[in-house]
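Nothing in this text is a laboratory measurement; each read-out follows from the coordinates by a stated rule. Just so you know, these numbers come straight off a predicted model, no measurement behind them. Because the Cβ atoms are built from the backbone with ideal geometry, glycine has one as well, and the counts that use them run over all protein chains shown.
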Amino acid sequence: MYRNSSSRIFGGKGSIVEYFKSQTNSLETEINATSESYILNVSEEQFTDYLLEKYQIEKPIIQFEDVYADNFEKNIPAEYFPMSFHIRDRDSYPRQVIQFFVPIAGNSELLKYVPGINRITIGGGSSDFEVEFDKLKLEIIDFYNDAKIIKSKYDENVVITQRKLSELHQNIDEFNNSLKSWIIGEIKKIKNKFLSQNEFMNSLGVPMKKSKNTPETFSVPRPTLRTKIKVSKPEASTQPFKPEPTIDLDIYNQILKLINDVGKNFERMPSVYKGKGEEDLRDHILMTLDPNFEFGSASGETFNKTGKTDIQLRYDSSVIFIAECKFWTGEKGYLDTITQLINYLTWRDTKGSVIIFVKQKDFTTILSKVETTTSKHPNYIGFVSKSDENWFNYRFHINGDKNREIRLAIQLYHTQ
């Protein structure tokens, strides 16, 4: 058997840790080379998904079930022969060489790296397979003209290879599973750096030359005590663009939780709310929101851009939360309600809720329809989470701009 050290399986290129490091270095370089305007304007989630797809590592798959073999004759140097053979040193003798070829799917180059991260590699022994582009090759010299010996040596190499491949897969899974949080951290780090630089320049109180497409959003600080929504209003400046508030994600979730509590109360006391219209049910929700938030107030039937909506929370002239209250009228009506809400929104309005009241008896079927129908909306980006059996969280985008995302909760309540 002859082995090319550079193509030897699990050892030709060093530790897999080195490959992981090169991936994160390339990823960090790409993020840091991205322009300020792009970082500040692009959807963090979409940019994260793009980088994740680009830098996640594809596992190599060895398809042992598709192995095939060949043979050829070759002059074998005396030093390769077993001691039981009576041969002269430095001479060569013809022998059959059996070749086994095993197809590889995925990233075959990874098979040249040694598996194991900060621990001893599982199992002993080394494999004699070599990596050749899209296949493994194993050559076994037939000294005894015995097929059983050849097959036994092949099987031995397969066992060693499968054991080490399993550990390599584990290493790759660990890397891939940690990659998303690492990417998010790097994006936030450089984004915060740019925002801090902008804030410093704004504090000088003089006009600053600014590139186009500067984002106009900042997060409302997290509240203390009784869910008090505080806003640190930016100082007045001659800047043509100034950050405008968006509701903090924690506050958004608290608002949704309050809405859910009220909706559950509708279900627990059907006789009290039976026969009520959309506006009446909306008013009950508003009466709960107002006393729970010190910042501004919840207001009904106010206007934002193209039309009126059912519930809004505003900061100055900016809407930071918006909701639509509707009765379930079918899948088309449901999608139309999402469209109606999106049409109300400017790109600064990033969070909202569609509150659906269901009079029909088969509530479970309607919940299933929401899960299967939502993705059909043209502005749909993706599913986020399911907070309750009746509460789904999705990502949509503003009309005409896929980078400007809307966090939209769908909350349904059975009001028979």
Discussion item. What does the net charge come to around residue 369 if you take all other residues with beta carbon closer than 12 Å to its beta carbon, with K and R at +1 and D and E at -1?
Written reply: -1
Worksheet item: Given the pairs 59/112; 359/386; 351/402; 264/351, which span a C-alpha to C-alpha distance of over 18 angstrom in this model?
Response: 359/386; 264/351
Worksheet item: If only Cα atoms are counted, what is the Rg of the stretch 5-185, and what is its Dmax, in Å?
Response: 21.9, 78
Discussion item. Net charge around residue 387, counting only other residues with Cβ within less than 13 Å of its Cβ (Lys, Arg = +1; Asp, Glu = -1)?
Written reply: +1
